[in-house]
Amino acid sequence: MEPHGLDRAARVGMELKKRGWRLAVAESCTGGLLGHRLTNIPGSSAYFLGGVIAYRNEIKVRILNVRQETLARFGAISAETAREMAEGVRRLFHADLALAITGVAGPDPEEGKPVGEIYIALASPNGIWTRQIIVGSDRQENKALAVEAALELLEAMLGEGSSRKIP
C-alpha cells in the first residue's frame, strides 16, 4: 500500500472516473502488466477502455500506426516510438488519454540498448509527455517498475490538470 491508503493505480482510477476521462494503453516490454494493474481496480470499466500489446514491430506499425521511418531511425526502444504508440492507441480507442511503454525488460540487450532502458509516453489532446527510465537487470522487476513509472506520470499529469473534461 502507498500513502493515502490506495495504490497508485487506484488513485489514478479515482481521478479518471471523477473527471469522466477514458484511458487506453499500448504496451510492449510490459506485456499487458499495465492493463492488468489498471483492471485490478473494481469499477475500472468506468475509465479503462482497453489496450494493445504490441510486442512485435509489425503490430506497432499495423495496429498503432507507428511509422516505419520512426522504427528505422530511432528503433522500437525510443521516446519517438513510445510517443507514436501512445498517439496511435489514443486514436484507435477514441480515448481521452493514452499511456504507452516500450523498452528492454531483459535479460538480453536489444537494438544496442541496455537491459532496463524503458520509455513511457502519455498522450492527450493537449500534448504528449515522455519519460525515460533506466532500471536494473531483473526482467520481472523491470516490468513492474516500468508500469509504476507510467502510472506515476499519469498521476502527475492528473494532479496538474483541471477537473473539467479534456476538450
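Observations
- Residue check, E148 within 24 Å of T39 (Cβ to Cβ), surrounded by fewer than 23 Cβ atoms within 10 Å (Cβ to Cβ) and not small (G, A, S): yes
- Selection status of G35, modelled with pLDDT of 95 or more, out of contact with any Cys (no Cβ under 7 Å at 6 or more places or on another chain) and on the phi > 0 side of the Ramachandran plot: no
- For T102, the conditions (1) touching a residue at least 60 places away in the same chain (Cβ under 8 Å); (2) of a type in the set (S, T, Y); (3) part of a loop (DSSP other than H, G, I, E, B) are fulfilled apart from (3).
- Elements of type helices (runs of 4 or more DSSP H) in the stretch 1-94, at least 2 residues being touching a residue at least 40 places away in the same chain (Cβ under 8 Å), aliphatic (A, V, I, L, M) and out of contact with any Phe, Trp or Tyr (no Cβ under 7 Å at 6 or more places or on another chain): 8-19, 33-39, 79-93
- Of the residues making up the stretch 138-149, not a single one is touching a Phe, Trp or Tyr at 6+ places or on another chain (Cβ under 8 Å), closer than 30 Å to R19 by Cβ, of a type in the set (D, E, K, R) and at pLDDT 95 or above.
- Checking Q68 against (1) within 12 Å of the chain's Cα centre (by Cα); (2) surrounded by fewer than 16 Cβ atoms within 10 Å (Cβ to Cβ); (3) farther than 18 Å from A105 by Cβ, the condition it does not meet: (1)
- Of all the residues in the stretch 132-144, those that are outside any loop (DSSP other than H, G, I, E, B) and under 12 Å from E117 (Cβ atoms) number 4.
- Scanning the stretch 23-82 for residues that are over 22 Å from L151 (Cβ atoms) and aromatic (F, W, Y) yields a total of 1.
- Single condition R62 does not satisfy, out of (1) buried (at least 19 other Cβ atoms within 10 Å of the Cβ); (2) over 17 Å from G35 (Cα atoms); (3) among the basic types (K, R): (1)
The values are calculated or read from the model by the stated rules, or taken from the named source; none is laboratory data. Being a predicted model, the structure only gives us computed values, none of them experimental. In this analysis, Cβ positions are derived from the backbone assuming ideal geometry, glycine residues included, and neighbour counts consider all displayed protein chains.
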